[in-house]
Amino acid sequence: MTEITHGVFDAGLSGPNPCSGADIVSVDASGNVVNHVTFFPAGDEVWATFTETGKVTLLDSNGVTYTGHLSVWGNFNMNERNSNNSFTLTVMLAGSDGSTIAAHEVQHFALNANGVVTVSFDKMNLTCG
C-alpha cells in the first residue's frame, strides 16, 4: 500500500525557538508525504516507511520569520525474530534578521525476539547562526 499526499501538513514544530528562546507563534508547512507499507500475508513480516519533505515558514514572538526546508524519513520492520525502527529529521531555516537554524536528528532502535532492546540511540545536532 502506498499513499501520497501533497499540500499542507503538520511540521511538528512547536515550543520555543531553540536558538533564541522566543515562543514559536505560527508554523506553516507544505510539501509531500509518501507512506508505504508492505504486508506479507503468508508470513510474519511487515515493512513500513515514510518520507515527508517540504517548505516551512515559522514566526516567533520576537517577530522573526524563518523560512526553509524540512525533511523527515522513517521506517519500521518487524517479524517474529526481531524488529527495528529508524528515523531522520533535517530542518534548515533562515531568519528575516539574518539568523539561521539547522537541526539534524538520527534515531534508531532494535528489539530481538524476546523484546530486549539490542540497539538504541537518538542523536540531535543543532546549529544556531
Subset of region 61-70 that is at pLDDT 95 or above and assigned to a strand (DSSP E or B) - its residue that is farthest from LEU111 (Cα to Cα): THR65
Single match in ASP28, ASP44, ASP10 (criterion: acidic (Asp, Glu) and in a strand (DSSP E or B)): ASP28
Qualifying residue in region 93-115 (condition: exposed (fewer than 14 other Cβ atoms within 10 Å of the Cβ), more than 21 Å from ALA11 (Cα to Cα), at pLDDT below 95 and of a type in the set (A, V, I, L, M, F, W, C)): yes
Pairs, first under 11 Å from ASP60 (Cβ atoms) in region 1-24, second hydroxyl-bearing (Ser, Thr, Tyr), C-beta under 7 Å, six or more apart: CYS19/SER99; ALA22/SER61; ASP23/SER61; ILE24/SER14
Failed item, numbered, when GLY98 is tested on (1) part of a strand (DSSP E or B); (2) over 19 Å from the mean Cα position of the chain (by Cα): (1)
Index of the failed condition, VAL46 passing every other in (1) at positive phi; (2) touching a Phe, Trp or Tyr at 6+ places or on another chain (Cβ under 8 Å): (1)
Pick from region 1-31, criterion surrounded by fewer than 13 Cβ atoms within 10 Å (Cβ to Cβ) and closer than 16 Å to THR90 by Cα, ranking: modelled with the lowest pLDDT: GLY12
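The values are calculated or read from the model by the stated rules, or taken from the named source; none is laboratory data. Nothing here was measured: the structure is a model prediction, and the numbers come from that model. Positions of Cβ are backbone-derived with ideal geometry, glycine not excepted, and every protein chain shown enters the neighbour counts.
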